[in-house]
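Written out below as structure tokens is the structure these notes cover.
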Amino acid sequence: MALGAWAMYAEAGPVLRGGDTARARIAATASTNGPIGAGLLTTAVSLADCEQVLLPFGRRATPEQLGEARDALLDECEHMANDVLARTPAHGQAELLLALIAEARGDVDGISTHLARSEALQPNLARVVAPRAALGQRHFDELSPDAQERHQRDLVLMLQSGRGVWPLADLYVSDEAARKRITTALEKVSPREQERFIYIVRRVLGARGAR
């Protein structure tokens, strides 16, 4: 009974402590130092809150602009990811979160390390593959050879997916360096998937030409 009660508290805690924004939910969880969730779904949602607020920090804002608020957020999310990994060592989403934290801190080695671990632990999970591929794309030239190779595998998975192929097509049109990597990945998918990608690229080009 005691174990069951703890499980209910751990699973419901993030919801009961929730807020209207991802940032508010992270702050509420950090203030109580309670569990972020016992089940896979609530853990995933809590980690996704951190991903949501970290992406602008890693891509646009500078340390000078964010100051202490930035440092506190990074510390809170790092603690959350490490807590998940302590309970579930093979958790690719938590490793992805650590890679995003490394990006925000300018830690290139950390980006490579955690991206490679994330791909090794959860190579096929859609909600992890897309942001992982985007992060790898932003820092491809800085990644270790192992992380670069695993990034190519993520591109193949996105080409094979329903949603991932659209952002890749947009990237193919707009980024010459990414175009070469996507072309390499295309050689590893089926002819039907290649045809679908070419069709979507044409759609993207048509939409841009119509603007």
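Any read-out appearing in this document is the output of simple, stated calculations on the displayed coordinates, not a laboratory observation. This one's a predicted model, so the numbers in the text were calculated from it and none came from an experiment. Neighbour counts run over all protein chains shown; Cβ positions are idealised from the backbone, glycine included.
Residue ranges 120-128, 88-96 sort as 88-96, 120-128 when ordered by packing (mean number of other C-beta atoms within 10 Å per residue, highest first). FRET efficiency for the R202 to A86 pair, using the beta carbon distance and R₀ = 35 Å, is estimated at 0.15.
Maximal additional length on extending the S161-A134 stretch stands at 8.2 nm, based on 0.36 nm per residue less the C-alpha distance. With the simple spin-label model, which puts each label point 7 Å out from Cα in the Cβ direction, the A126 to D146 separation comes to 3.0 nm.
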